[in-house]
Amino acid sequence: MLERTLAIIKPDGVRSRIIGEIIRRYEQGGMTPIAIRSTQLTKEQAEAFYHVHREQPFFGDLTSFMSSGPIVVLALEGEGAILRHRELMGATDPAMAADGTIRKAFGTSIDCNVVHGSDAPDTADKEITFFFKNTDLCAIT
Ligand code: ATP
Ligand code: MG
């Protein structure tokens, strides 16, 4: 099924100058970026985006990290894009991520794990809407 998912290249990925490398992996993995922009979240915006994790002990560190520098947000489109993207990302903890995944290659800790990806169709819709207007999404395939 043709799906859309939200990807974020986190502040560590931007600092490491691997934006192009990550987008290359998305394209070679069969996904098309249908919207891309860079931004920097405020702490409040990061808290809103990761609201589902507000009770977790790592919430403060996560939202501080996510607002610590520029990020690149992308809406990706492709067959089974939600799961496909999560396969390309690898496990949350880079130490547990499979060979060949983005987090295995570039992640340095469970906090600094380079990329975010939506985990289900309803969260993908909400997360894309968090960053993009409908008119920003340009299906080019
Ligand atoms: P993301 O939502 O960023 O794509 P994910 O879906 O693999 O990652 P989640 O469970 O949604 O993982 O957690 C969101 C983020 O919170 C993770 O990317 C990670 O940086 C951080 N995180 C998750 N679990 C832990 C943990 N046990 N300790 C520290 N940080 C964690
Ligand atoms: Mg998640």
Exercise for review: Amide H neighbours of residue 115 under 5 Å, at least 5 residues apart or on other chains, H built in the peptide plane: list them.
Suggested key: 10
Check your understanding: For region 1-67 and region 116-141, what is the separation of their C-alpha centers, rounded to whole Å?
Key -> 12 Å
Revision key, fill the gap. In the neighbourhood of residue 80 defined by beta carbon distances under 15 Å, the net charge of the other residues (Lys, Arg +1; Asp, Glu -1) is -2
Revision key, fill the gap. Filtering chymotrypsin sites (Phe, Trp or Tyr not before Pro) in region 1-101 by DSSP loop and by at most 13 other Cβ atoms within 10 Å leaves 58
Revision key, fill the gap. Full extension between residue 125 and residue 15 adds, at 0.36 nm per residue less the Cα distance, a length in nm of 36.8 nm
Review point. Measuring from label point to label point, each 7 Å out along Cα→Cβ, what is the residue 99 to residue 61 span in nm?
Key: 2.9 nm
Revision key, fill the gap. Computed curve, region 1-82, Cα-only Debye sum without solvent term, log₁₀ I(q)/I(0) at 0.26 Å⁻¹, is -1.15
Point to revise | Pairwise Lys count, region 2-136 - Cα closer than 20 Å, eight or more residues apart or different chains | key: 4
Practice item. Run the numbers on region 1-115 and let me know its relative contact order in percent, using alpha-carbon pairs under 8 Å that are six or more apart. Key: 38 percent
Review point. So what are the three principal axis dimensions of the chain from its Cα atoms, in whole Å, longest to shortest?
Key: 40, 34, 26
Review point. Can you list residues whose amide H is under 5 Å from residue 68's amide H, if they're 5+ apart or on another chain and H is modeled 1.01 Å from N?
Key: none
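Here, each number is a calculation from the coordinates, and none is a lab measurement. In this text the structure is predicted, and so the values were computed from the model without any measurement. Please note: Cβ atoms are built from the backbone with ideal geometry, for glycine as well, and neighbour counts cover all protein chains shown.
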